[in-house]
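Everything below concerns the one structure shown next.
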Amino acid sequence: MSDIILFAHPTFGVFGILAAVWLLVEVLNASETNRARIRSASYAVAICIVLAALLGGYWYTVYYGAEKAIIVKGPWPWAHNFVMETKEHLFFIPLILALYLPIVSAQNLARNKASRLVTMTVAAFVVLNGLAIEGGGAIINYGVKVAFVHTGIKGAE
Amino acid sequence: MSNLEANAAGRSQVDGATAAFGLAAAITILFNTLLAWVKDAYDPLNTFMASLTGHHWRTHGIADVIVFLVLGFVFLSQGVKLDGVRLAVYLAGSCIIAGGGLALWFVLV
């Protein structure tokens, strides 16, 4: 079960990033005809990022302790000390931005250039933060792997 | 002010909820980094936050969401007005400063 949660966390993160790109494209082409799609995309970002936060948060608070102990004893302790410590707090930035998006997109963005600019800025930072966090997750995962390889446990490689 | 100027002015401003919750988001993002610094530097706060929900990270996240919502509704009730460019700069600036601040802190500490 913990593996399902572990893999669902970055999966919803990627869905959130993709939804933010979708939102960016819709807002760049904002008109009366795509108002519903703009709202759908903004809600998709919010739902996916909230799910990524809940799943990742549950896994982090319940299961991560054992992996942390392995990482800090391995050759890449910075995978926890720097990457995870930064990632776990950085995650709250796209979470807040994602919660904000449905509020902005409730406006008629086709008629409001200022709200379009704000929406595109927020969506762009969800994408940038999301990509950084996904990359961080990969490094943390590799931090566990190199720790196992370092110990010479058979099959770890 | 002509109708054209009024329309132009209207287009440059975001609506009340966008301004209020946008400003709240920018402040919350900075608050998030500040709280991460303080709890990392001051163990009793970390322990206290952990005692509230079972883990300091859960309390941190809940605190962020509460700050965002409370500030948003406070700014909304005060009728905060902002133009779109300024709000976008606040949001982008807060993300860059807060993200860079987190990374720098955990590199140095």
- Task: Report yes if A:Ala132 is in a helix (DSSP H, G or I), under 22 Å from B:Tyr90 (Cα atoms) and touching a Gly at 6+ places or on another chain (Cβ under 6 Å), otherwise no.
- Result: no
- Query: Applying the selection to the range A:82-94, what residues are facing chain B (nearest Cβ under 7 Å), of a type outside the set (Val, Ile, Thr) and in contact with a Gly (Cβ under 9 Å, 6 or more places away or on another chain)?
  - Reply: A:Glu88, A:Leu90, A:Phe92
- Message: What's the number of the only condition in (1) open to solvent by less than 20 Å² (accessible area, probe 1.4 Å); (2) under 17 Å from B:Gly93 (Cα atoms); (3) not hydroxyl-bearing (Ser, Thr, Tyr) that A:Ala124 fails to meet?
- Response: (1)
- When A:Gly135 is run through (1) at pLDDT below 95; (2) of a type in the set (Gly, Ala, Ser); (3) open to solvent by 20 Å² or more (accessible area, probe 1.4 Å); (4) more than 21 Å from B:Val65 (Cβ to Cβ), the failure sits at (1)
- Per-region count, the range A:103-113, residues open to solvent by 10 Å² or more (accessible area, probe 1.4 Å) and within 10 Å of chain B (Cβ to nearest Cβ): 7
- Query: Condition test on A:Val14, is it surrounded by fewer than 17 Cβ atoms within 10 Å (Cβ to Cβ) and either in contact with a helix residue (DSSP H, G or I) (Cβ under 8 Å, 6 or more places away or on another chain) or outside any helix (DSSP H, G or I) (or both)?
  - Reply: yes
- Message: Can you pull out every residue in the range B:61-86 that is acidic (Asp, Glu), part of a helix (DSSP H, G or I) and more than 21 Å from A:His89 (Cβ to Cβ)?
- Response: none
- Item | Per-region count, the range B:41-60, residues assigned to a helix (DSSP H, G or I) and facing chain A (nearest Cβ under 8 Å) | 3
- All conditions in (1) open to solvent by 10 Å² or more (accessible area, probe 1.4 Å); (2) of a type in the set (A, V, I, L, M); (3) in contact with a helix residue (DSSP H, G or I) (Cβ under 7 Å, 6 or more places away or on another chain) are true of A:Ile96 except (1)
- If you scan the range B:81-95, which residues turn out to be surrounded by fewer than 17 Cβ atoms within 10 Å (Cβ to Cβ) and either more than 9 Å from every other protein chain (Cβ to nearest Cβ) or in contact with a Leu (Cβ under 8 Å, 6 or more places away or on another chain) (or both)? B:Lys81, B:Val85, B:Gly93
- Message: Going by what's in this entry, would A:Gly74 be described as farther than 25 Å from B:Gly93 by Cα and open to solvent by less than 20 Å² (accessible area, probe 1.4 Å)?
- Response: yes
- Test A:Glu85 against the criterion of being modelled with pLDDT under 95 and either more than 30 Å from A:Leu28 (Cα to Cα) or not charged (D, E, K, R) (or both), and give yes or no. no
- Go through (1) of a type in the set (Ser, Thr, Tyr); (2) more than 11 Å from chain B (Cβ to nearest Cβ); (3) free of Cβ contacts under 8 Å to residues at least 40 places away in the same chain one by one and return the number of the condition A:Tyr63 breaks. (3)
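The values are calculated or read from the model by the stated rules, or taken from the named source; none is laboratory data. Bear in mind the structure is a predicted one, so any value in this text is a computation, not a measurement. No Cβ is skipped: glycine too gets one built from the backbone with ideal geometry, and neighbour counts run over all protein chains shown. All accessible areas refer to the heavy atoms of the entire protein, side chains included, with ligands and DNA or RNA removed. Shrake-Rupley method; radii C 1.70, N 1.55, O 1.52, S 1.80 Å.
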